[in-house]
Amino acid sequence: MPSYPVAMEIAGVTAMWTRPDTGDCPVSYPAPTYSAVKAIFESVLWGPAVEVIPQSVELCAPIQYHSYITNYGGPLRSSKAIGTGSGYQLIATVLIDVCYKLYAKVGPNPDKSKLPDSAAEWDAKTTSPGHAYQAIFSRRLERGQCYSIPALGWREFTPSYFGPLRSDTRVQSSAPDIVIPSMLREVFGGGYKSPVSYAYTQNAVIEAGRLRFAGSGERDDK
């Protein structure tokens, strides 16, 4: 079945697209990952009967890194710290003053076996799930509605703007090209209710302010 394009813009004060290889002092990639872009679209409209396939990201603000320190109190603390109720300072290198234009295509989820009953019922009644998603997504984006609050990586980094593409937002087309030797693509590659399966893209390139994701015909290294 045919796929349909969707697009949106998102901006914010702080963003964090975590590089897994940077350990307990995480550093951000210069651009959002494939799975992060997918999650942002699905935060506006989510439905397991439809597959969102990110296509590209356009960087519309200069890449600026900044040190960020917060007190961490989550489950990855040592057992002693959890027992005493204490935390520790988490030091990260984040991006500031970010703005992106995001592009994806949508179509029916090819794996019907994992769909919950409500999604399977909707899918059975919809002749073109991708087209329906496109229309509903566009309406929700115009109204500022969302399934969950979009985040710029970490949940605490909420956007200052998310909505339709703005005509006065310019891509950083004159910025130097950047090669990312290994970039996390996704963690749950099988989609809805799939097991953990890390996938990486080798030598991802941000060229003229645009990062293009590998298409369905191209295989990423795992």
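What follows draws every value from the coordinates through simple rules; no lab data is involved. Predicted, not measured: the structure shown is a model, and the values here were computed from it. For neighbour counting, all protein chains shown are included, and Cβ atoms are generated from backbone atoms with ideal geometry for every residue, glycine included.
Straight-line reach from Lys112: which lysines have a Cα under 25 Å away, not including same-chain ones fewer than 8 places off?
Counting by Cα, and skipping residues close in sequence, Lys112 has these lysines nearby: Lys38, Lys125, Lys193, Lys222.
Please identify, among Lys80, Lys101, Lys38, the residue showing maximal mean-square fluctuation in a Gaussian network model of the chain using a 10 angstrom Cα cutoff.
Lys80
Quick check on packing: order 155-164, 198-207 by the mean number of other C-beta atoms within 10 Å, highest mean leading.
Working: 155-164: 14.7, 198-207: 16.3.
Answer by packing, highest mean first, reads 198-207, 155-164.
Anything in the chain that counts as a DSSP H helix reaching 20 Å or more along its axis (C-alpha) with Kyte-Doolittle mean of at least 0.0? List them, would you? Kindly include the intermediate steps, with their values, before the conclusion.
Details: long enough: 129-143 (21 Å, -0.87).
Counting only whole DSSP H runs, no helix qualifies.
Could you give the length gained by full extension between Gln202 and Phe188, i.e. 0.36 nm per residue of separation minus their alpha carbon distance, to one decimal place? Spell out each step's value before the answer.
On the way: separation 14, 0.36 × 14 = 5.04 nm, distance 1.79 nm.
Taking Gln202 through Phe188 to full extension adds about 3.2 nm, to one decimal.
Tell me, in nm to one decimal, what length is gained between Ser78 and Ile178 on full extension, where the rule is 0.36 nm per residue of separation less the Cα-Cα distance?
Working: separation 100, 0.36 × 100 = 36.00 nm, distance 3.70 nm.
Difference between extended and current length: 32.3 nm.
Could you tell me the convex hull volume per residue, in Å³, taken over the Cα atoms of the range 4-170? The partial results should precede the final answer.
Details: hull volume 24.5 nm³, N = 167.
Per-residue hull volume (Cα only) is 146 Å³.
Relative contact order for the chain: what is it in percent, counting Cα pairs under 8 Å that are at least 6 residues apart? Could you put the intermediate results ahead of the total?
Details: 465 pairs, mean separation 67.2, N = 222.
It rounds to 30 percent for the chain.
Send over the per residue convex hull volume for the range 1-81, Cα only, as a whole number of Å³.
Values: hull volume 12.7 nm³, N = 81.
Cα-based convex hull of the range 1-81, divided per residue, equals 156 Å³.
Provide the percentage of antiparallel DSSP beta bridges, counting only those with both residues in the chain; round to the nearest 5.
Approximately 95 percent, going by the DSSP bridge assignments.
Assigning unit charges at the beta carbon (Lys, Arg +1; Asp, Glu -1) and nothing else, what dipole magnitude in debye, to the nearest 20, does the chain show about its Cα centre? Don't skip to the end; give the middle numbers.
On the way: 21 positive and 20 negative charges, 57 e Å.
Computed about the Cα centre, the dipole is about 280 debye.
Spin-label point model (7 Å from Cα, Cβ direction): what's the Tyr161 to Val27 distance in nm?
Each label point lies 7 Å from its Cα, and together they span 3.0 nm.
Just check the range 41-87 against the gyration tensor rule for me: Cα atoms, a ≥ b ≥ c as the square roots of the eigenvalues, rounded for a/c under 1.5, and otherwise prolate or oblate depending on whether a/b exceeds b/c. Write out the running numbers ahead of the final one.
Numbers: a/c = 4.51, a/b = 1.60, b/c = 2.82.
Oblate, because a/c is 1.5 or more while a/b does not exceed b/c.
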